Amino acid sequence: MKLVHLSDLHFPVALPFTSLKGKMIPGYLNYTFRRRKKYPISLWNAIVRKVKSLNPDAIVISGDITNVSHWKEYDESKKILAPVLGDKTFMIPGNHDRYTDIAAGKEGSDLPYYEKFFSPWMGESIPLQNGYLRIKKIGKLALVGWDSNMPLSVLNAYGYVKEDIVHSTLEYLEKEKLDQYILICHHPIWNPPERQESSGHKMKNREEIAELLKKRPPLAYLHGHVHTNWVKYPDPQKPYYVINSASSTRISDQKHQSGFHLMEWNETELNIKRFSFSNEEGEFTETQTISYQEKETNGR
């Protein structure tokens, strides 16, 4: 089974400035003057070509397709994503996709924008009293989606996952006899020592969540949020792969080694390959995986 993992696509959608409100204004200005040129649509077109050539069994997108959760961004992003949307696609939202109260469904009774536009590719919603849990079964593998995001001030981008969600996830897997699963959540559960996050950017309770996951570890934890790639191999504290494919559509530089990953699972082991954009070839090509072993890191 082959799985492609994409994240933090941040599609370059131009917005009428007069349509922006509140924190969308500084957020869009920051994107326009600091980040927009780093996300040319040509990189997305190259990703589409590469994904089609890889012919994966699953395509996972771990959030942040938008920049400020504007309605127009969702409308345009759905059109841009069309070539990879299908039965094999599984998507979760990122913090930029829950940027405002209205986009997150916190105002009125409307669905969040992400669900309005992308529900067909978000998997089955598991009924919970309070919380987000979505699951998609592909072959002998279950893809499990969590939502760690919430509308915050413009200076914050942290995440949080309720412990009840972990318990509900493990109970569902046990009930449905799903032995192997991959967990997808936007915020990292681990960072390399040189990539530690501030309290305003990280998942607030990730160590507590990691401890609970030891009861029934996933095969891998896929995420984004930090715009440079890595793969952490299983260790006693986190006995599963931690894979970051952010930011798949970003031009790489000295601080951001961007790209995406292909995972090949033969029901006994997971083989991981990294692809990054080659300026010389104008295409995504296989490149060295940025990996961390237990003995190489004390990252938390």
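The values are calculated or read from the model by the stated rules, or taken from the named source; none is laboratory data. Quantities reported herein were computed from a predicted structural model and do not represent experimental measurements. FYI the Cβ positions are ideal-geometry reconstructions off the backbone, even for glycines, and counts take in every protein chain you see. Heads up: the accessible areas ignore ligands, DNA and RNA and are worked out on the full protein's heavy atoms, side chains in. Shrake-Rupley method; radii C 1.70, N 1.55, O 1.52, S 1.80 Å.
Side notes on the structure shown:
- Residues in region 57-65 carry Karplus couplings, in order, of 7, 8, 10, 10, 10, 9, x, 6, 8 Hz; the curve used is 6.51 cos²θ - 1.76 cosθ + 1.60 with θ = phi - 60°, and Gly or Pro positions show x.
- The heavy atoms of MET150 offer some 60 square angstrom of accessible surface to a 1.4 angstrom probe.
- D_trans [Stokes-Einstein, Kirkwood Rh over alpha-carbon pairs] for region 180-300, 20 °C, 1.002 mPa s, µm² s⁻¹: 143 µm²/s
- Among the trypsin sites (Lys or Arg not before Pro) in region 155-247, those placed in a DSSP loop whose Cβ has at most 15 other Cβ atoms within 10 Å are LYS177, LYS204, LYS214, LYS215.
- q = 0.11, 0.14, 0.16 Å⁻¹: log10 I(q)/I(0) that the Debye formula gives for the chain, counting C-alpha atoms only: -0.61, -1.04, -1.42
- For HIS96, the solvent-accessible surface with a 1.4 Å probe is about 30 Å², rounded to the nearest 10.
- Cα extents of region 102-172 along the three principal axes, largest first (Å): 41, 26, 22
- Choice from ASP75, ASP64, ASP253 showing the highest fluctuation, given a GNM over the chain with Cα pairs closer than 10 Å: ASP253
- Backbone geometry of region 270-278 corresponds, through the Karplus equation with coefficients 6.51, -1.76 and 1.60 at θ = phi - 60°, to 3J(HN,Hα) couplings of 10, 10, 10, 10, 10, 10, 10, 7, 9 Hz, x marking Gly and Pro.
- Highest GNM mean-square fluctuation among ILE189, ILE61, ILE92, for the chain modelled with Cα contacts below 10 Å: ILE189.
- Mean Cα-pair separation over length for region 27-91, i.e. relative contact order, pairs under 8 Å, 6 or more apart, %: 43 percent
- Exposure of SER199 as accessible area (Å², to 10), given a probe of 1.4 Å and all protein chains: 80 Å²
- Taking label points 7 Å from Cα along the Cα-to-Cβ direction, HIS167 and GLU211 give a separation of 1.5 nm.
- Taking the chain as a Gaussian network of alpha-carbon nodes connected by springs under 10 Å, the highest mean-square fluctuation of the residues PRO12, PRO239, PRO193 belongs to PRO193.
- Computed in the context of the full set of protein chains, the accessible area of region 113-249 at 1.4 Å probe radius has 48% of its extent on carbon or sulfur.
- The value of relative contact order for region 165-259, using C-alpha pairs under 8 Å at least six residues apart, is 25 percent.
- Using the Cβ-Cβ distance between GLN129 and ALA82 with R0 = 35 Å, the FRET efficiency computed as 1/(1 + (r/R0)^6) comes to roughly 0.50.
- 3J(HN,Hα) along region 39-49: 10, x, 5, 4, 5, 5, 4, 5, 4, 4, 4 Hz, from the Karplus curve 6.51 cos²θ - 1.76 cosθ + 1.60 with θ = phi - 60°, whole Hz, x for Gly and Pro.
- Look at the alpha carbon pairs under 8 Å that are at least 6 residues apart: their mean separation over the length of region 214-300 gives a relative contact order of 25 percent.
- The ratio of the alpha-carbon radius of gyration of region 132-221 to the globular-protein estimate 2.2 N^0.38 Å is 1.14.
- Across the options THR89, PHE118, PRO40, the greatest Cα extent toward the positive end of the charge dipole of region 34-138 (unit charges at beta carbon of Lys, Arg, Asp, Glu) belongs to PRO40.
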